[in-house]
Amino acid sequence: MTFLANLSRRGLLSVIALLGLAHAAHAQTYPSREITLVIPFGIGGSTDIIGRQLAGDLAKVLGAKINVENKPGGTGTIGSTQVIQSRPDGYTIGFVANDALVLQPLLNPALVFKSPDDYQPIVKMGYRSDVLYVRADAPWKTYDDFVADAKRNPGKMRIAIPGVGTLGELTVQKLNKVAGVRMVTVPFSGGGAEATLAVLGGRVEASAGSVSVGAGHVAAGRLRALAVFQRGKHAVFPEAASIDDAHGDVSILAEFYLFGPKGLPKDVIDKLVAAATQVGRSEEWAAFAQKQDFTPDVKGPDATKQDLLKQGKDFAERLADK
Amino acid sequence: MDPIEGLLYGLSLAFTYQNLLAAFAGAFAGTAIGVLPGFGPTAGLALLLPFTFAMGPSTGLIMMASMLYGAMYGGSTTAILMNMPGEAASVMTCIDGYKLTKKGRAGAVLFIVAAGSFIGGTISVVGVMLFVPTLAELAIIFGPGEFFALTAGGLLLLSRISAGTLAAGLLPMAIGLLLSTVGQEAVSGQYRFTFGVNDLSQGLELAVLAVGIYGIAEVMFVVESLASQGKPMRVRVREMLPTREEIRRSWAPIGRGTIVGFLFGLIPGPATTLSTFTAYRLEKAVSKYKDEIGEGAIEGVAAPETANNAAATSLMVPLLGLGIPFSSATALMLGAMMVHNVQPGPLLMTIHPEIFWAVIASMFVGNIMLVVINVPMIGLWVNMLRIPAYILLPTILMMAVIGSYSLRNSMFDVSLLLVLGILGYVLRKLDFQLAPLVVGVVLGPMIEKHFREGLYMSQGDLSVFWGSPIAVGIWSVVFIVVALGLMSRLWKRIFPAGEGEG
């Protein structure tokens, strides 16, 4: 019965640790208790799916438990704020995309974070592009049908996106401009899973979302991948049209970052960077990423910060150009 | 595989030595975790998750399902014995459960709750098993318009969730709605009522609120009664088992609770909590003993406690049918599946029948374990009431403080707990009801989110909120219930004596 004895002893230890009674024991060997990874989007969206995989892999490398906590709302800023305001001890970190970290501060000046100076970028994990989904029984068989109908009926096409002030919103605005159409975005603050439900239920005409949320429904014959927001052929949906090939540079990639509060101890940053880098370059991660159409692009903290700053500039230009 | 064949196959996977042991350990740990206030099933499952990686997928899932049910049941224990809800889903249980404890019926109530949880859970499993593919559609047809009708209409009905005058329910509900607006707004992320206090930007933690206004306020009340009476809290432990009368009265509420819970688990949102509100409100409307509910009636405990277990089970439908988990607990189970390289979704049943049926069987086994473990423990729990107040009260306070601190390691939440405790005490002193306050806090943000998202969708056209058949259905029910309530009041006013025929 060593299984049970072991279970109860370790269980008790983790309970004590969770209650925070053991947090004095920090420092000498990070991580000495479990880590919370905040996912600032709802359950079942791409941030959640990728983040949970990351949590599992990181936990193995670090030899510590990692609890995933979903904190959706405000296009990822509610959960991100929670991370940035947490105690900088490495036991609360976050995983989120550039719309929360870069775009939102430009749109919402009241946020507690404005630039990467206000938090600690840890590792950039990679990026992915969005897919334009419609219901499998929708009248538009091709992307051209869809755009033609949108041209004839301004305001008719409603595209579900995972929140106000997301990349999808910027992308559709630009698309409207270059394609001479007027499509509207419908934000669902719970994230990609909610936006997908809206198109499945026929409440909106289309959704712009990740492969992670849509591929299963495409395989089951409920959704059709009409177009992809990138250049060239798509790895998962080769039959879908490329929006950037059709209209020029419209799309913005969703880039994903592991980050923490400002003031993390150097040894903690080093450990997290090493662990996340190891995960990001592993074969298991590559296999997982391929299925999710996620392109690994692993960068250390300094390169990640430059990356974030550059995107800040790009987004600011794009907003000014509106 | 047809359902019966599949179930037998699933059970053959479940009834092995390791799997039963896993179910036992899971249900035991779950009950313990449910008893700790503010420390809910999600935290427990998260602790458990790494252990399950080493097991096979079915063993791991069985352990997790057992823990989930154990926690659902454990959360009601402190609510019944000490008026302290372990989590939002046991708030309704406090009202009648604690009054029954004061009447010396604690053992009987715990027994009925265990039985109700078992029945609700098991029937719900049958429903899940038979209807997964069809029921999954329900989650799809609910959009912002339907959700707005459900939550806003629900708010109207739930204002009368507790006894007392209309004002005694409406004012706390308004306070609850106000409290729910504190923090970053969900749709656009704007800050509201944070007054520059960073800790407020995340809003009020629901568990802190529930433990504060119920638990802390209750401690103050007990202290006060000790001071005025000068003798220790009177605790009587009569029979452990329910009387025949109590059993007879529990059947109907358990049946209604099962249906309510099952339906709520199918749609996205905090299903377990909402199902307890609805089940309780339904009893107040239709029970033969509705006048006793709120004053310590078994119906007021049996229905919500059955409902939350039924909902915890049917929550599996969207997970298994659509691959979309609607609660953090099912998200963790999803995590356990993904570790074994199984992607839940529309194709799960065809590609991985062994996993699908193992999950179904795990729910059966989990429900059985819940009864096996908890019925013998009732005596132990009830004996907790014999602990003298000078030990019990500081222990409750300590548990409440640790629980609220641990939610996000924040001393701010501990201060908040004490302030809310005082608020709860004052409101109760003034004869206001506390349950509507919790209802306001839970429903407020949902109403707002669905209202705003609905208007985005319809581009400003308000008819989106009553334009669909489902929304029309929900509003009709709300209208009928409100109208009947008003009419019966009018009736009583005109004919104060006669009540009988209707």
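The values are calculated or read from the model by the stated rules, or taken from the named source; none is laboratory data. Worth saying up front: this structure is predicted, and the values here are computed from it rather than measured. With ideal geometry, Cβ positions are generated from the backbone for all residues, glycine too; neighbour counts draw on all protein chains shown. Areas reflect the complete protein model, heavy atoms only, side chains present, ligands, DNA and RNA absent. Shrake-Rupley method; radii C 1.70, N 1.55, O 1.52, S 1.80 Å.
Only residues in segment B:188-206 that are over 18 Å from A:VAL83 (Cβ atoms) count as the first member; pair them with residues that are loosely packed, with under 13 Cβ neighbours inside 10 Å and of a type in the set (A, V, I, L, M, F, W, C), Cβ under 7 angstrom, at least 6 apart or cross-chain, and list the lot. Qualifying pairs under 7 Å: B:GLN190/A:ALA110. The requirement of being more than 12 Å from chain B (Cβ to nearest Cβ), open to solvent by less than 40 Å² (accessible area, probe 1.4 Å) and under 16 Å from the mean Cα position of the chain (by Cα) is fulfilled somewhere in segment A:227-239, by at least one residue. When A:ILE122, A:ILE159 are checked against the criterion of being in contact with a strand residue (DSSP E or B) (Cβ under 8 Å, 6 or more places away or on another chain) and farther than 30 Å from A:GLN278 by Cβ, a single residue qualifies: A:ILE159.
Does A:LEU58 satisfy being more than 9 Å from chain B (Cβ to nearest Cβ) and either surrounded by fewer than 24 Cβ atoms within 10 Å (Cβ to Cβ) or not aromatic (Phe, Trp, Tyr) (or both)? Against the criterion (more than 9 Å from chain B (Cβ to nearest Cβ) and either surrounded by fewer than 24 Cβ atoms within 10 Å (Cβ to Cβ) or not aromatic (Phe, Trp, Tyr) (or both)), A:LEU58 qualifies. When B:ILE123, B:ILE119, B:ILE141, B:ILE112 are checked against the criterion of being surrounded by fewer than 24 Cβ atoms within 10 Å (Cβ to Cβ), under 20 Å from B:PRO376 (Cα atoms), in contact (Cβ under 8 Å) with a residue 24 or more places away in the chain and not charged (D, E, K, R), B:ILE119 stands alone in meeting it. Taking residues in segment B:1-29 that are outside any helix (DSSP H, G or I), and partners anywhere that are among the hydrophobic types (A, V, I, L, M, F, W, C) and at pLDDT 80 or above, the pairs with Cβ atoms closer than 8 Å and at least 6 places apart or on different chains are B:MET1/B:TRP357; B:PHE15/B:VAL365.
Restricted to helices (runs of 4 or more DSSP H) entirely inside segment A:69-172, those with at least 2 residues that are under 18 Å from B:GLN202 (Cα atoms), open to solvent by 10 Å² or more (accessible area, probe 1.4 Å) and within 14 Å of chain B (Cβ to nearest Cβ) are A:77-84.
For (1) farther than 16 Å from A:ALA303 by Cα; (2) not charged (D, E, K, R), each residue gets a yes or a no:
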residue: A:THR92; (1), (2): yes, yes
residue: A:ASN98; (1), (2): no, yes
residue: A:LEU106; (1), (2): yes, yes
residue: A:PHE113; (1), (2): yes, yes
residue: A:GLN120; (1), (2): no, yes
residue: A:GLY126; (1), (2): no, yes
residue: A:ASP130; (1), (2): yes, no
residue: A:ARG135; (1), (2): yes, no
residue: A:THR142; (1), (2): yes, yes
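Does B:LEU430 satisfy being under 19 Å from B:PHE142 (Cβ atoms) and without any contact (Cβ under 8 Å) to a residue 24 or more places away in the chain? The answer is no for B:LEU430. Here A:ASP297 does not fit the description of being closer than 30 Å to A:ALA179 by Cα, in contact with a Lys or Arg (Cβ under 8 Å, 6 or more places away or on another chain) and surrounded by 13 or more Cβ atoms within 10 Å (Cβ to Cβ).
Selection of helices (runs of 4 or more DSSP H) fully inside segment B:158-268 by the criterion of at least 1 residues being modelled with pLDDT under 85 returns B:166-180, B:206-210, B:217-229. Look at segment B:387-400: where a residue is of a type in the set (Lys, Arg), no partner that is assigned to a helix (DSSP H, G or I) and open to solvent by 20 Å² or more (accessible area, probe 1.4 Å) sits 6+ places away or on another chain with Cβ atoms under 6 Å. In the set (1) in contact with a Gly (Cβ under 7 Å, 6 or more places away or on another chain); (2) assigned to a helix (DSSP H, G or I); (3) open to solvent by 50 Å² or more (accessible area, probe 1.4 Å); (4) at pLDDT below 90, B:TRP475 fails one condition alone, (4). Screening B:GLY444 on (1) without any contact (Cβ under 8 Å) to a residue 24 or more places away in the chain; (2) within 14 Å of another protein chain (Cβ to nearest Cβ); (3) touching a helix residue (DSSP H, G or I) at 6+ places or on another chain (Cβ under 8 Å) shows it passes everything except condition (1).
Taken together, A:LYS266, A:LYS177, A:LYS233 contain a single residue that is closer than 30 Å to A:ALA64 by Cα and not aliphatic (A, V, I, L, M), which is A:LYS266. For segment A:305-322, filtering for residues that are out of contact with any helix residue (DSSP H, G or I) (no Cβ under 8 Å at 6 or more places or on another chain) and in a helix (DSSP H, G or I) leaves 7. In segment B:5-35, the qualifying residues are those that are touching a Pro at 6+ places or on another chain (Cβ under 8 Å) and closer than 17 Å to B:ILE373 by Cα, and the one that is farthest from the other protein chains (Cβ to nearest Cβ) is B:GLY34.
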